[in-house]
1. Rounded to the nearest 20 Debye, what is the dipole magnitude of the range 90-154 about its Cα centre when Lys and Arg each give +1 and Asp and Glu each give -1 at the C-beta?
2. Rank these residues by their accessible area, most exposed first, probe 1.4 Å: LEU180, LEU19.
3. Restricting to lysine pairs 8 or more places apart or on different chains, what number in the chain have Cα atoms under 15 Å apart?
4. How much net charge surrounds SER123 when only other residues with a Cβ under 14 Å from its Cβ are counted (Lys, Arg +1; Asp, Glu -1)?
5. Can you tell which of MET185, SER143, GLY205 lies farthest toward the positive end of the dipole of the range 114-215, using +1 and -1 charges on the Cβ of basic and acidic side chains (Lys, Arg; Asp, Glu)?
6. Give me the accessible area of ARG79, 1.4 Å probe, in Å² rounded to the nearest 10.
7. Report the full-extension gain for the segment GLN34 to VAL203: residue separation times 0.36 nm, less the Cα-Cα distance, to one decimal in nm.
8. Report, in degrees rounded to the nearest 10, the 0 to 90 angle that the Cα long axis of helix 98-109 makes with the longest principal axis of the chain.
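The values are calculated or read from the model by the stated rules, or taken from the named source; none is laboratory data. Please read these numbers as outputs of a predicted model, since none were measured by experiment. For neighbour counting, all protein chains shown are included, and Cβ atoms are generated from backbone atoms with ideal geometry for every residue, glycine included. When the accessible area is computed, the model is the full protein with side chains, heavy atoms only, and any ligands, DNA or RNA have been set aside. Shrake-Rupley method; radii C 1.70, N 1.55, O 1.52, S 1.80 Å.
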Amino acid sequence: AVFGANPSIVLKQLGSIPLAGVWLGYKNMPSPAQLQRIDRGLIAKYTQELAWRTLGYAIPETKFLKEHPNWTQTNRFTRFTFGGGAITAMDGWAASVLWPWAENKVRREHPELAAGTQEDIDSGASPFYKRVAEEFDEAVARSQSTSDIMHQGTLRRSKNPISKAVTMFKSDSSQSYNALRQRLMEAEYYKKNGDSKSYRKAVTGLATALLAILG
């Protein structure tokens, strides 16, 4: 019931996409043509982040369901709609959108990085795609829905049953708050130290975070 027939959770995962703009910049957003050409095989050569997210939810409950399938697992439609397939599919698609976004960012900010030969790209040795993978991993960790301990704040790590109930499925809200707070603190820091260039960048990031939260 929690991971399967829960369309609101599936739709909320789309809300994690605008937040990536805080880390990748809205001016670098991919075009529809780029989104159609996303190569998951290429992504897998340089990072396992997307593959990990599309494995599904490896918890005892879902393991039990896979080993003791009920009617939700009997065909593709019910498995997708009620058995957790939809949430995993949306999770993977939302994260994959960030790859061409990261490509655009690296092209704009690091024009000196070359993709290299096709052999370099296929072997995972491309300097350009290595940097893209770094930007992609950072943006995914900071903006996409997640429930693993490493990417959770103190409140969502709480073992208190009331805290857990209130913060369940609030990873997007938590990440939005963290992005807002980080950019605000950065802006205050750079303003205090007279770094006008970094200050303007932090303020732009703050505005981007506000737009993402509204989105």
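1. With only Lys, Arg, Asp and Glu charged at Cβ, the dipole is about 240 debye.
2. Details: LEU180 45, LEU19 5 Å².
Heavy-atom accessible area, descending, gives LEU180, LEU19.
3. On the way: LYS12/LYS170; LYS27/LYS105; LYS27/LYS201; LYS45/LYS130; LYS105/LYS130; LYS105/LYS201; LYS191/LYS201; LYS192/LYS201.
So the count works out to 8.
4. Neighbourhood net charge equals -1.
5. Highest projection toward the positive end goes to MET185.
6. 100 Å²
7. 58.0 nm
8. Relative to the chain, helix 98-109 is tipped by roughly 10 degrees.
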